[in-house]
1. Of the conditions (1) modelled with pLDDT under 70; (2) surrounded by fewer than 18 Cβ atoms within 10 Å (Cβ to Cβ), PHE79 clears all except one; give me its number.
2. Which is among the aromatic types (Phe, Trp, Tyr) and either more than 19 Å from ASP160 (Cβ to Cβ) or assigned by TED's automatic domain parsing to the domain that holds ASN154 (or both), of TYR230, TYR255, TYR240?
3. Among the residues of the stretch 201-223, is there at least one that is more than 15 Å from ASN154 (Cβ to Cβ), at pLDDT 70 or above and of a type outside the set (Phe, Trp, Tyr)?
4. Would you tally the residues in the stretch 82-115 being part of a helix (DSSP H, G or I), hydrophobic (A, V, I, L, M, F, W, C) and modelled with pLDDT under 70?
5. Which is crowded, with 17+ Cβ neighbours inside 10 Å and of a type in the set (Ser, Thr, Tyr), of TYR296, TYR245?
6. Can you give me the number of residues within the stretch 253-268 that are out of contact with any strand residue (DSSP E or B) (no Cβ under 8 Å at 6 or more places or on another chain) and at pLDDT 90 or above?
7. Considering only residues that are assigned to a strand (DSSP E or B) and not hydroxyl-bearing (Ser, Thr, Tyr), look in the stretch 270-293 and name the one that is surrounded by the most Cβ atoms within 10 Å (Cβ to Cβ).
8. Criterion first (among the polar types (S, T, N, Q), exposed (fewer than 12 other Cβ atoms within 10 Å of the Cβ), over 22 Å from ILE149 (Cβ atoms) and modelled with pLDDT of 90 or more) does ASN250 satisfy it?
Amino acid sequence: MDGFLLTYFTETSTQSDLEEITNIDFVARGGSTLLHIHQDSMLLVFERMYPEFVWWGSVSGSDGFWRRRRWIDGFLVKFFGFVGKQKDLTLISNFSLKQFPGGPTLLTLNNGSPQAVLYDSYPELVPKYQIAFKGYWNNMKDNSILRHIMKFYNLKSRRDWYRLSVQQFSNVYGRMIHMNNFLKLLVFWFPEEDWNKTKMTERINKRARQQYLGSKLMEIFKNEVIFEDYMVKTPNNKPYVFDYYIPGVNLVVEYQGEQHFFNVLKWMNIEQQKLKDEEKRQLCILNSFHIAYVPYWWDNTLDSLK
């Protein structure tokens, strides 16, 4: 099977690539006999040949239920971009499901009914799945993608999502997602929040990196209290905010984005930035703080921070 794929499907290297292969593609490359002995089902072919992969059609029992939910989560995000609200599930039609790899088989296993697909995957939704008693997308306990991302980046509150970049989200999820779709997912997961696209767009690079830096500092200073966005006032009562302050070692840590080294649109010019940086440095001297700078070219490793 590996030889067949390498010969006729040279770009195939992941499970996702396998899911893109259709019956027509398979038959056109001489795979009709193999397909026939597996009841004309690509799913059965791949289950037999690659049992190490989790195939949504082959799972059963409690563990299988959760794994299938994760597959459907990914399917909706990948092919529909986002699911705006729970009621938007009703807009996913038989025809639209058939347009994407895996969709026809998904329908076949559910008697041709997209309602059956979604009701089976999200049983907490009422039969017409217009409303949810406990919305799956809003339930951190059940949402594997959401839970994994929050744990990986140490997101303590929902507002911490402002500090997560689209790239960081994609690194965990495994696929790139457009900024607008990322925001729509957040609106769907946390509808009670008033998400501000402009705020996220302007702060996304610095805040995302700062959040990750904070998680690494907690690994280094495991027994220390770490204050984030720590405010200190000058003798003339002018406030300055430092990214992190660790009182146990009297250390201030500042992340320095590109705007600290050259002019960046939407930020103060480089001369003003340097003046502000110097004022903060003098404030550290005045308060006997040690100060450490982490530049934007930091490679994200612990070793380079120590």
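The values are calculated or read from the model by the stated rules, or taken from the named source; none is laboratory data. Because the structure is a prediction, the values reported are computed rather than measured. A quick note on method: Cβ atoms are made from the backbone with ideal geometry, for glycine too, and the neighbour counts reach across all protein chains shown.
1. The single condition PHE79 does not satisfy is (1).
2. Answer to the selection: TYR240.
3. Scanning the stretch 201-223 turns up at least one residue that is more than 15 Å from ASN154 (Cβ to Cβ), at pLDDT 70 or above and of a type outside the set (Phe, Trp, Tyr).
4. Result for the stretch 82-115: 2.
5. Details: TYR296 fails: crowded, with 17+ Cβ neighbours inside 10 Å.
TYR245 is the lone residue from the list that is crowded, with 17+ Cβ neighbours inside 10 Å and of a type in the set (Ser, Thr, Tyr).
6. 0
7. If we take residues in the stretch 270-293 being assigned to a strand (DSSP E or B) and not hydroxyl-bearing (Ser, Thr, Tyr), then ILE291 is surrounded by the most Cβ atoms within 10 Å (Cβ to Cβ).
8. Here the answer is no, as ASN250 does not meet what is asked.
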